[in-house]
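Heads up, the thing below is written out as structure tokens.
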Amino acid sequence: MPNLVDPVNYDLTRITGRRSWGAKLASKVEDQGNIAANDPTGRSSAGADVETATGRVAMKVSDILASKGNLVITIKPTETIGALSSILRENRIGAAVVSSDGETADGVITERDIAFGLAQHGAGMHAMPVAALMTRAVVTCSPDDDVSLVSSTMLSRNIRHIPVVAEGRLTGMVSIRDLLRVQVGALQQEAAMLRGLVNEVERVPQDR
């Protein structure tokens, strides 16, 4: 059986004397990476993020907050689950930060906590205080944290919302939906860049 080869990276010059399409594309990507490495902004001349020798330009939590805003919906621990449900419905959100003063996080409570609480406490849960069902061990992140790190934390902890804290004060909230939106946007940018490189390589005349 013949040995399998990578159709992109295999150098056809050994057989045809011509540079392979994959070699041309790899050369073009390397050129773009060199441009980005010498550009202090970390971007190519076309403005798209590219991977350099040090890795992809990292997006921070602060970038997400700059797009979605710093609004944090809070509720006091003494408020009832019924009041919490109304707040979540009115704001069309799945979680709120529990805070006595509106600036520090005492806990987090989500729609999942309400569902679990209903199964355990029944209809009487409506009048229970938020403090009875909230998660007290709050996982937080900083505006300077990489989005990839926060994503990993959410997956490993099985959580979907993380409060953003700077100098001990709440400055925002990020959800797994926010992170997915950012990552999908980054992948779309990379796909567009690769399509542009492919089109440019295809315009280059074949070596004769």
**Asked** Once Lys and Arg get +1 and Asp and Glu get -1 on their Cβ, which of I81, V97, H121 lies farthest toward the positive end of the dipole of the stretch 61-181?
**Response** H121
**Request:** Find how many whole Å separate the alpha carbon centroid of the stretch 97-149 from the alpha carbon centroid of the stretch 173-203.
**Result:** 33
**Request:** Enumerate the calculated ³J(HN,Hα) couplings along the stretch 112-120 in order (Karplus 6.51 cos²θ - 1.76 cosθ + 1.60, θ = phi - 60°), each rounded to whole Hz, writing x wherever the residue is Gly or Pro.
**Result:** 5, 4, 5, 5, 5, x, 5, 5, 8
**Prompt:** If you place +1 on the Cβ of every Lys and Arg and -1 on the Cβ of every Asp and Glu, how big does the dipole about the Cα centre of the stretch 45-176 come out, in debye to the nearest 20?
**Reply:** 360
**Backbone HN-Hα couplings from phi across the stretch 146-158 [Karplus 6.51/-1.76/1.60, Hz, Gly and Pro as x]** = 5, 4, 4, 5, 5, 4, 4, 4, 4, 5, 6, 8, 6
**Asked** What is the pair-distance distribution P(r) of the stretch 75-186, computed from all Cα-Cα distances in 10 Å bins starting at 0, with each bin given as a whole percent?
**Response** 14, 44, 32, 10, 1
**Asked** Going 7 Å from the Cα of A131 toward and past its Cβ, which residues in the stretch 105-119 have a backbone nitrogen under 18 Å from where you end up?
**Response** 105-110
**Message:** Could you order the peptides 172-184, 144-156 from most to least packed, using the average number of other C-beta atoms within 10 Å per residue?
**Reply:** 172-184, 144-156
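Rule-based calculations on the coordinates, nothing more; no lab input. Keep in mind it's a predicted model, so treat the numbers as computed, not measured. Heads up, the Cβs are rebuilt from the backbone with ideal geometry, glycines too, and the neighbour counts pull from every protein chain shown.
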